[in-house]
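A short reminder: the numbers here are calculations on the coordinates, not readings from a lab. Note that the coordinates shown come from a computational prediction; the quantities given were computed from them, not determined experimentally. All Cβ positions, even for glycine, are placed from backbone atoms using ideal geometry, and neighbour counts span all protein chains on display.
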Amino acid sequence: MAPFETRKLMAHNTATTSQNKIHDDDVAKRFGFTGGLVPGVDVYAYLSQPVAAAWGTDWLERGSLQGRFVKPVYEGEEIEVVPGPEVEDDGGRTVSLEIRNPAGERCAEGSARLSATAPAGVDISAWPEVVQAAEPPAASPASLAVGTAFGFADVGFHADEAMSYLDDVRDPLPLYREERVAHPGWLLRLANRVLATNVRLGPWIHVGSDTQHLGLLRDGERVGARSLVTREWEKGGHRFVELDVLLARFSGDGGPIARIAHTAIYQPRGA
């Protein structure tokens, strides 16, 4: 395995035309930010770079990553993704991570783990099969009540088309291009879309995700998502929601790809 190294990159806001206007400069400023926020799913992709570089496809197949976004990352900022020392124990390896902006402030933090053995399997039937909402209700404590199930239609992963995604998230690692497997940030975007397509949202903020990888998604395969609301709460005037998202090849014998605990402020204070 390769050593962990700090990686530098220029942050890029890939969502300036998104329906989520928290990524728009004018709207974000009304919420007290300097400009449009770089999407949390892309900040998560930045966090993954030192991990994928060091642990490779072993990590993509059975590793995990916890990410929390504590300060905004903005377009054009030169950021550093800084790993801590790698710690080995009987069960595997762990490394802490953080992202620092040009002022040296911590914008994101997390930890990654590569277990010595494959993670425990999941029972796909624990996530009910429901159809993606055709006319989604407004996001509210009622529409996001604990236990609510959401669906998301299968999409195909095509490695050649995903090259533009790798450019967007500033990931130069040859791993994804040579192995033709899905990037963890590409997978995380699906969890985002589960929320955004099943309830109507105004400006909203992705604040963290914990992913347990369960298998590789390879070129030409299809992946779908099922999700359950596990928490909905208010704090400091914000309303939060947490989803338990399963990504899997639900047809055929493909099996699960990742399980994600996905947390967002779905109604920011003052919205």
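Tell me which residues, restricted to segment 222-239, are over 30 Å from F157 (Cβ atoms) and either in a strand (DSSP E or B) or among the hydroxyl-bearing types (S, T, Y) (or both). Working first, answer last.
Filtering segment 222-239 down to residues over 30 Å from F157 (Cβ atoms) leaves 232-239.
Scanning segment 222-239 gives E232, W233, E234, K235, H238, R239.
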**OP:** Give me the pairs, please: first residue somewhere in segment 150-166 and free of Cβ contacts under 8 Å to residues at least 40 places away in the same chain, second residue anywhere and crowded, with 18+ Cβ neighbours inside 10 Å and of a type in the set (D, E), beta-carbon distance under 9 Å, and either six or more positions apart or on two chains.
**Re:** Y165/D171
**OP:** Looking for whichever is in contact (Cβ under 8 Å) with a residue 60 or more places away in the chain and in contact with a Phe, Trp or Tyr (Cβ under 6 Å, 6 or more places away or on another chain) here; the options are G56, G40. Which one fits?
**Re:** G40
Subject >> Hits in segment 192-217 (condition: out of contact with any helix residue (DSSP H, G or I) (no Cβ under 8 Å at 6 or more places or on another chain) and more than 11 Å from Y266 (Cβ to Cβ)) >> reply: R193, V194, T197, N198, D210, Q212
Subject >> Set V122, V130: member being in a loop (DSSP other than H, G, I, E, B), β-branched (V, I, T), touching a Gly at 6+ places or on another chain (Cβ under 6 Å) and in contact (Cβ under 8 Å) with a residue 24 or more places away in the chain >> reply: V130
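Taking segment 113-126, which residues are more than 20 Å from V245 (Cα to Cα) and either crowded, with 19+ Cβ neighbours inside 10 Å or of a type in the set (K, R) (or both)?
Keep residues of segment 113-126 that are more than 20 Å from V245 (Cα to Cα), which gives 114-117.
Matches in segment 113-126: L114 only.
Given the condition over 16 Å from the mean Cα position of the chain (by Cα), farther than 24 Å from V131 by Cβ and in a strand (DSSP E or B), answer yes or no: does some residue in segment 252-269 qualify?
First, pick out the residues of segment 252-269 that are over 16 Å from the mean Cα position of the chain (by Cα): 252-256, 267-269.
Adding the requirement that they be farther than 24 Å from V131 by Cβ leaves 267-269.
Filter once more, so that each one left must be in a strand (DSSP E or B): 267.
Within segment 252-269 (the criterion being over 16 Å from the mean Cα position of the chain (by Cα), farther than 24 Å from V131 by Cβ and in a strand (DSSP E or B)), the answer is yes, since at least one residue qualifies.
Determine whether segment 156-165 contains at least one residue that is farther than 20 Å from N20 by Cα and part of a helix (DSSP H, G or I). Please lay out each step first, then the result.
Here is the first cut: in segment 156-165, the residues farther than 20 Å from N20 by Cα are 156-164.
From what is left, the residues that are part of a helix (DSSP H, G or I) are 163-164.
Yes, segment 156-165 contains a residue that is farther than 20 Å from N20 by Cα and part of a helix (DSSP H, G or I).
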**OP:** Filter segment 168-195 down to the residues that are touching a His at 6+ places or on another chain (Cβ under 9 Å) and acidic (D, E), then identify the one that is farthest from V73 (Cα to Cα).
**Re:** D171
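Quick one: is V199 aliphatic (A, V, I, L, M) and farther than 18 Å from D154 by Cβ?
Working: aliphatic (A, V, I, L, M): yes; farther than 18 Å from D154 by Cβ: yes.
Taking the combined requirement at face value, the residue satisfies it.
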Subject >> Scope segment 88-112; condition exposed (fewer than 13 other Cβ atoms within 10 Å of the Cβ) and of a type in the set (G, A, S); matching residues >> reply: G91, A103, G104
Subject >> Residue check, I265 touching a Phe, Trp or Tyr at 6+ places or on another chain (Cβ under 7 Å) and either on the phi > 0 side of the Ramachandran plot or of a type outside the set (K, R) (or both) >> reply: yes
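Among what's in segment 214-243 and is of a type in the set (D, E) and free of Cβ contacts under 8 Å to residues at least 24 places away in the same chain, pick the residue that is nearest to G151 (Cα to Cα). Working first, answer last.
Kept after step one, since they are of a type in the set (D, E), are these residues of segment 214-243: 219, 221, 232, 234, 242.
Still in the list and also free of Cβ contacts under 8 Å to residues at least 24 places away in the same chain: 234, 242.
Details: E234: 25, E242: 15 Å.
Among those residues, the one meeting the criterion is E242.
Regarding V131, is this residue surrounded by fewer than 18 Cβ atoms within 10 Å (Cβ to Cβ), in contact with a Lys or Arg (Cβ under 9 Å, 6 or more places away or on another chain), among the β-branched types (V, I, T) and within 25 Å of A264 (Cα to Cα)? So that I can check it myself, show each step before the final result.
On the way: surrounded by fewer than 18 Cβ atoms within 10 Å (Cβ to Cβ): yes; in contact with a Lys or Arg (Cβ under 9 Å, 6 or more places away or on another chain): no; among the β-branched types (V, I, T): yes; within 25 Å of A264 (Cα to Cα): yes.
The answer is no for V131.
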